[in-house]
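First up is the structure itself, then whatever we jot down about it.
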Amino acid sequence: MPLGPLPGRDALPVLLGLAASAAGQSFLLVVLPPLGRRLGFSDIETGAILSVSALLLIVCAPIWGYVSERIGRRKVMLIALAGASLGPAAFSVIVGARIGETISAAFALILLFVSRSVQVVVSAGLLPAAQAYVADLTAPSRRAGGMGLIGAAFGGGVVLGATLAWKLGGKDAVFVFEMIAALVAVSFAGVFLLVREPGRREVKVSGNGLPSPLARIWPFLAITLLGVTAYAILQQVTALRLQDALGFSSQDSIARAGAALMATALAMVVVQGLALRVLA
């Protein structure tokens, strides 16, 4: 597969898969804290679901990145999209059962914890494999622009997830989980049918056995970690803050938090999808 200035139609199913997965992630982070109260969970219990899954993501994503070097980008992306689809499907069943009071709060908590953990472990390879796939398709001089497309797709998904939280999250979270599961499943089908394994590029290795750029990117990784941490905290506590400090109901707090985070995600899309491509 020849290199181009920027990936085009070949990468479209991958970008759509990233957007759909990001929508599920964004929706869950906005909705779960206030929804957890409705389901009978404490804030600490709900936070444990999200924090443990975040830790699993940190551990598993680099592992899947190495796996993609051995078995291929396409296979890892398909595995990840399968997990990203089955997770919301499981959430819809569990949340619906708890709202209908057919299972206890304790059992629902265990099921959500296990489902979320398994989802993250399986789907953690999506972003590293997608980044590697786009890098394989993109000419070196335009690689930053290719990564900007990845960021824009992810940001677009965050916008979609926040919009769903704003419009529907407080009214029918079960339906939205089902919708997200279906969107990711469609993305899985697109990757399965349309995406081919890209040609591999040779990677220059430094004397210590590591890819030569790796030793120089730790400051950027640290900055990214701090930025993502701050944004994740904002996503998770905004709705709770609206409830506790301003007296909003669960439904209204989800809607207002979704609207606020939709605006921040739109700014992300503009910067990564437009500004970064120009600067690159």
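Quick note: the coordinates plus some simple rules give every number you see, no bench work behind them. These figures come from a predicted structure and were not determined experimentally. Quick reminder, even Gly has a Cβ in these numbers, built from the backbone with ideal geometry, and neighbours come from all protein chains shown.
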Legend entry - Listed residues A132, A20, A239, most fluctuating in the chain (Gaussian network, C-alpha, under 10 Å): A132
Legend entry - log10 of Debye I(q)/I(0), alpha-carbon scatterers only, for the stretch 228-272 at 0.15, 0.21, 0.26, 0.29 Å⁻¹: -0.39, -0.68, -0.89, -1.00
Inset, instruction - For the chain, with a Gaussian network of springs between Cα atoms less than 10 Å apart, report the residue from S68, S85, S51 with the top mean-square fluctuation. - result: S51
Inset, instruction - Specify, per residue and in Å³, the volume enclosed by the convex hull of the alpha carbon atoms belonging to the chain. - result: 126
Legend entry - Centroid-to-centroid separation of the stretch 222-265 and the stretch 22-93 [C-alpha atoms, Å]: 18
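Determine the dipole magnitude for the stretch 1-126: charges of +1 sit on the beta-carbon of Lys and Arg, -1 on that of Asp and Glu, nothing else is charged, the reference point is the Cα centre, and the result goes in debye to the nearest 20. Before the final figure, lay out the partial values.
Working: 9 positive and 5 negative charges, 53 e Å.
For the stretch 1-126, the charge dipole is close to 260 debye.
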Inset, instruction - Could you check which residue among S250, S123, S21 shows the biggest mean-square fluctuation in a GNM of the chain with a 10 Å Cα cutoff? - result: S250
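For the pair R9 and E45, what calculated FRET efficiency results from E = 1/(1 + (r/R0)^6), where r is the Cβ-Cβ distance and R0 = 45 Å, to the nearest 0.05? Intermediate results must be reported in sequence, preceding the final value.
On the way: r = 45 Å, r/R0 = 0.99.
E(calc), rounded to 0.05, equals 0.50.
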Inset, instruction - Provide the descending list of Cα extents for the stretch 1-144 along its principal axes, expressed in whole angstroms. - result: 56, 25, 22
Inset, instruction - Would you order I180, I94, I233 from fewest to most other beta-carbon atoms within 10 Å of each residue's own beta-carbon? - result: I233, I94, I180
Inset, instruction - Fewest Cβ neighbours within 10 Å first, please rank T229, T238 accordingly. - result: T229, T238
